[in-house]
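> The structure follows.
Bear in mind that the values in this text are calculations on the coordinates, not laboratory data. The structure displayed is predicted, hence computed values, not measured ones. Reconstructed Cβ throughout: ideal geometry from the backbone, glycine too, with neighbour counts over all protein chains shown.
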Amino acid sequence: MIKLNNKAKSLKKIKLKYALIPKLIIFSVSDYKKNPNKVIDKILKNFTKKIAIRSSASDEDTIKTSNAGKYKSFLNINPKNIQSLKESINQVIKSYKSKKNKNIFFVQEMVENIKTSGVVLTYRLENYMPCLNINYFDGRDSSRVTSGNKGSKNFIFIENKKYKIINKFSKLKKIINEIKYLTKKDNIDVEFAINNKNQVFILQVRLLKIPKTNTRLKIEIEKTYNKLEKKISKLKKKHYSLFGKTTYFGVMPDWNPAEIIGIKPKPLALSLYRELITDHVWSENRKIYGYHDLSQFHLMTTFFGTPYVDVRIDFNSWIPKNLEKNTSEKLVNHYLSNFGKKKYLHDKIEFEIIFSCLSLSTQEKLIKVLGNKFSKSEIKNIFNELKTINKIADQQMFKDLKKIEDLKKKQTQIDKSNLYFIDKIYWLIEDCKKFGTLPFAGLARCAFIATEILNSFVEQKILTENEKLNFLSTIKTITFKMKDDLRHGKKYFIKKYGHLRPGTYEITSKNYEENFDNYFNLKKRTTKHKTNKFDFSIIQRKKINKFINQSGVYKNFDHLIGFIKSSIASREYSKFVFTKSIDLIFKNLKGFGSKYKLNIEDLSYLKINEVLDLYFNLSYEGPIQKLRKNIKLNKNEYSINKSIFLPDVITDPKDLFLIENEETKINFISNKSIISNLKEFKKTNKNASLESVICIENADPGYDFLFSKNIKGLITKYGGQNSHMAIRCAEQNLPALIGVGEKLYQEIINAKTIKIDCELKKIELIN
């Protein structure tokens, strides 16, 4: 058995069948200090090609300490350049800072003609799941991976009996297995390079520091993937009452669960989101707005704690209800085919894949996209049905807005009533569905139509992108007003906004009232927003009026612009109102928990149906005993689910085992350019200055307090073109990258500085 300890010595010990280790010589710091010329002479005798001078401190890359990147190393040194050689060695030794001479360094021959380089881990660090996790870069500079530079790629392989690696990493897998065998360790971290002859070179081998391996968990994970493969294979088959020959799954289509509740939400958050939106409310709204009736179907499914949208069900829900059946089948299959080819569009399906409403560009796009596959009469039929959708939205918007006002009254009535905690929770949920999330879904639909029409103004060259942004800045949403309302002091602000919290559906997250001083700083008083103005020119009005006359939907110019402004503002307002119901649900849950000694953390592991069961059922078993059992079971299940990594998009069962992280199409917001330092929000002291570009995985309206912190820009892992944060950043004209995806997000948070050019849609990471 080979014992891995020191970086240099570990490399020296290992002899591999399938890989090469570049020639290396180890030197002690003490020997070099005693006689530097002797060391230099030895280097010159043994190396003629370019070399690397690499650190290998006593506390570097051990099982106890990593200190990765702490000490200096120098690449591509010409050994004949004595001055450069000495300077590099001295810099490496100097970086140790310790005066002890036990440290060593080593000289290693550079690998030539590298075509791929990277790092492979045998565990995924985010959740310590066993797998082959390869982060790589196509090119000769392996440091681009370790430094987290843009351009690196990620490939994950989950061990299984059915699917094998058939790409360039098949040989690397053999090498990793060989190292595991030689070291008798399965937690290893290997730096590698592959040259143009497909020879694999190992540049570093070290132990990966992870928590104690849970053997049972490894067995459970293996079972999990096999179960899920069978499940997906079944779900992909043709369904008798759905259009479309197959299905796919994504974490961001339509209601964007990854953005709203996260990739691994706790049971309460997940179940509450289901209850309030994705079980029945979503389909009821689609039906009201003139789409296909899908009231029998749930939009969201979960695979071991990860929420996914069933894409076929989603695509069916966008089919106008009176569209001919054969045309509907063709259209859904077209959508599915497009999605399968462009998985990176999973957070943009409404803008990039489907036709869900009428805009100035719709007819042109229908002909361009569907012209080769659909007849003229079919395209005309689709166009006319989409026109009907716009008509319904125009008529329905103010009805939905009235329901939102009704909800405000009902919230007050329930809150002031003498009903028991559980009874209040039941009625808060029922009222929220009927008068909150249902009309909100409608208003969100109207806002999407409004955004699509606005975008078509730009596409048809009626407005420039800058003019569109200027127009949006004139719309006063509720969140726009929030920043101004801070000026009125804490008491006033809490009364109006106190129910909001980062992570709307997460009970453990404190609301603005509970955590005001950490979210806001009244010492830094914000200046009052200037009211922006935007006027359409006579020529712009004429062109828009032409669309109005042709559409037969809107009465006149003022009617259309009024619809656009009202729907965008109403969407944000309705969300603001219905989230108060969620806050009141949490308030009563906490009251119930306090009475029976269930803390907030315990409550987060309850499913909402388990709470509602107390309203409907009376059993011999005490309710608290029953809930405690549920909490224990749910906690255990959650701990296993957390350790299971699944891809953002699943198009085939093999996607579970062979995961290639594709480039994500980023949503660039504003037209600004900025160079700024970066801060990841979850690692930031909430009281600290946030005057930088802030990185956050997902952000719902509860994160609006960030805009009071004078942030310079925003980056989110998940989020779509029409997401809350996209709208908020556009409103503020704040440079933002919304929905960058997992791979790029990891690269960004590893960088120190970023240059964002929203107009050119370019980013540059500066380390």
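> Which value does Rg/Rh take for the chain over its C-alpha atoms, Rh per Kirkwood?
1.01
> Under the classification rounded if a/c is under 1.5, otherwise prolate if a/b is larger than b/c and oblate if not, where does segment 446-493 fall, given a ≥ b ≥ c as square roots of the Cα gyration tensor eigenvalues?
Here segment 446-493 falls in the prolate category.
> Another question, if that's okay. Counting other beta carbons within 10 Å of each residue's own, what order do M1, M725, M482 fall into, fewest first?
Least crowded to most crowded, the residues run M1, M482, M725.
> Count neighbours as other Cβ atoms within 10 Å of each site's Cβ, and list the GluC sites (Glu not before Pro) in segment 290-356 that are DSSP loop with at most 15 such neighbours.
Passing sites in segment 290-356 are E324.
> State the Cα centre-to-centre distance between segment 172-214 and segment 488-514 in whole Å.
48 Å
> Arranged from highest to lowest average of other beta-carbon atoms within 10 Å per residue, in what order do the peptides 493-506, 76-89 appear?
My ranking of the peptides, most packed first, is 493-506, 76-89.
> Right, next: In whole Å, what are the extents of segment 323-390 along the principal axes defined by its C-alpha atoms, from largest to smallest?
Sorted from largest, the Cα extents of segment 323-390 read 30, 24, 19 Å.
> Order of D700, D485 from fewest to most other C-beta atoms within 10 Å?
Taking fewest neighbouring Cβ atoms as first place, the list is D485, D700.
> Could you pull out the trypsin sites (Lys or Arg not before Pro) across segment 344-413 that fall in loop regions by DSSP (anything but H, G, I, E, B) with no more than 15 other Cβ atoms inside 10 Å?
K373
> Going by Cα centres, segment 255-300 and segment 554-590 are how many Å apart?
18 Å
> Quickly rank 278-286, 37-45, 534-542, 201-209 as a protection proxy: mean count of other C-beta atoms within 10 Å, highest first.
278-286, 201-209, 37-45, 534-542
> Now a separate question. For every helix of n ≥ 4 consecutive DSSP H residues, a contribution of -39,500 (n - 2.57) applies; sum these over the chain, divide by its total residues, and give [θ] at 222 nm rounded to the nearest 500 deg cm²/dmol.
Only helices count here, giving -14000 deg cm²/dmol.
> Give a quick list of GluC sites (Glu not before Pro) in segment 540-645 that DSSP marks as loop, anything other than H, G, I, E or B, with at most 11 other Cβ atoms within 10 Å.
Counting only loop positions with at most 11 other Cβ atoms within 10 Å, the GluC sites (Glu not before Pro) in segment 540-645 are E621.
> What's the magnitude of the charge dipole for the chain around its Cα centre, counting Lys and Arg as +1 and Asp and Glu as -1 at the beta-carbon? Answer in Debye, nearest 20.
2760 debye
> As I understand it, the dipole of the chain uses +1 on the Cβ of Lys and Arg and -1 on the Cβ of Asp and Glu, about the Cα centre. Which of T412, I353, N285 lies farthest toward its positive end?
I353
> For I51, I165, what ranking results if the residue with the fewest other Cβ atoms within 10 Å of its Cβ goes first?
Ascending number of Cβ neighbours within 10 Å: I165, I51.
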